[in-house]
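Report on the structure given below.
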Amino acid sequence: MEQQLIQIAQWIITSKRLVVFSGAGLSTESGIPDFRSPGGVWDKYDPEDFYFQNFIASEASREKYWQMATEMYEPIKMAQPNQAHLAIAELEKLGKLDCVITQNIDGLHFKAGNSEEKILQLHGTAIFVSCLSCRKQYDRDEIQERIKKGEKAPRCDDCGGILKPATISFGQSMPEKETQEAYDRSSRSDLFIVIGSSLVVQPAASMPLVAKRGGARLVIINRDPTPYDDLADLVIHGQAGPTMASILEYIKKDLIPDPQSHEEYV
Ligand code: NAD
């Protein structure tokens, strides 16, 4: 394991265009459940209730959606970045990061210190709410206050349109600019590191393939196996936080491992 971490650190040091691709598994150590792990969101809710078409179709669906979204927002609001987010933010400070393509909606890359221009949020953000008619944006906390006071499926103050968290639901179009840029940066990357993603949600999950075809080295750091493990140059089945913290340590020490700090964490 230690050799693998040193190898990844070495690849990062020599990389010119490092792309980090993050998923819900990056944030479980911050207390935000992922979708597919036991005890994750899909153990509790029916994915159909998240479909955009259903949200648009009926007031009852919207009420149910907002009920689930309210419950899911609480841990997001309270969450603090973990070791993995902090290591990724540090990579930006070290000038080693081309960008982060994230499926996450929790804003933790920003809380960790990454700058706006480095983060491509493929699935939007839970931190804002948008009107689906006039596009007016609201702060999420403001809308949650209205829900607390009794509104069940809030409407836009300006135009009466349907309000929805600014996240991308199943069946909703992906943000065009971010998606295109994510494909471009994936294809131009020379090192592509997946952290905490099951790599089953499309089209986001095709990015590692695009990177690999463009000539990048592919590293996957995920607790469980993914469909792309066979394609990767190096796979670590472990926890994102301690793994990224160790890799960062090796980068900082310029690859001279300290035998005293050896840890087991898988
Ligand atoms: P996923 O739930 O499909 O997969 C998460 C993966 O992370 C799993 O394979 C699991 O083995 C791994 N994992 C869990 N904890 C880990 C840890 N501590 N270290 C390393 N690996 C760990 O999530 P996904 O691939 O991101 O795709 C599903 C969708 O989930 C995305 O569209 C995303 O928008 C949404 N989502 C986001 C959040 C968030 O923003 N934090 C939370 C839940 C779901």
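The values are calculated or read from the model by the stated rules, or taken from the named source; none is laboratory data. Source: prediction; values computed, not measured. Methodologically, a virtual Cβ is constructed for each residue, glycine included, from the backbone with ideal geometry; neighbour enumeration extends over all protein chains shown. Ligands, DNA and RNA are stripped out before the accessible areas are found, and what is left, the full protein with its side chains, is counted by its heavy atoms. Shrake-Rupley method; radii C 1.70, N 1.55, O 1.52, S 1.80 Å.
Brief remarks follow.
- Among GLY113, MET78, GLY95 - extreme Cα towards positive end, dipole of the stretch 68-114, charges at beta-carbon: GLY95
- Sites GLU142 and GLN53, calculated FRET efficiency, Cβ-Cβ separation with R0 22 Å, nearest 0.05: 0.25
- Shown for the chain: the carbon plus sulfur share of the solvent-accessible area, taken with all protein chains present and a 1.4 angstrom probe, equals 50%.
- The lysines whose alpha-carbon is closer than 20 Å to the alpha-carbon of LYS252, local same-chain residues fewer than 8 away aside, are LYS16, LYS93, LYS96.
- Two-site label geometry, LEU94 and LYS149: point separation in nm, points 7 Å out along Cα→Cβ: 4.9 nm
- More than 22 angstrom apart: percent of Cα pairs within the stretch 94-184: 36 percent
- The stretch between GLU74 and ASP46 holds 8.2 nm of extra length on full extension. This uses 0.36 nm per residue minus the Cα-Cα distance.
- Solvent-accessible surface of the chain, taken per residue with a 1.4 Å probe and all protein chains present: 48 Å².
- Accessible heavy-atom area order of GLU142, GLU178, highest first, probe of 1.4 Å: GLU142, GLU178
- Among GLN144, GLN239, GLN103, the residue with the largest mean-square fluctuation in a Gaussian network model of the chain, with springs joining Cα atoms closer than 10 Å, is GLN144.
- The chain, dipole about Cα centre (Lys/Arg Cβ +1, Asp/Glu Cβ -1), debye to the nearest 20: 560 debye
- Only Lys, Arg (+1) and Asp, Glu (-1) charged, at Cβ; the stretch 135-190 dipole about Cα centre in debye: 300 debye
- MET244 - accessible surface, heavy atoms, 1.4 Å probe, Å² rounded to 10: 10 Å²
- Potential lengthening of the chain between LYS177 and LEU234 amounts to 17.5 nm, from the contour at 0.36 nm per residue minus the alpha-carbon distance.
- Equivalent ellipsoid dimensions for the chain as semi-axes, Å, which come from the Cα gyration tensor, largest first: 35, 19, 17
- Dipole of the chain computed with +1 at Lys/Arg Cβ and -1 at Asp/Glu Cβ about the Cα centre; of VAL200, GLN67, GLY214, farthest Cα towards the positive end is GLY214.
- Set of lysines near LYS152 by C-alpha distance (under 30 Å), chain-local residues within fewer than 8 positions excluded: LYS44, LYS64, LYS77, LYS111, LYS136, LYS164
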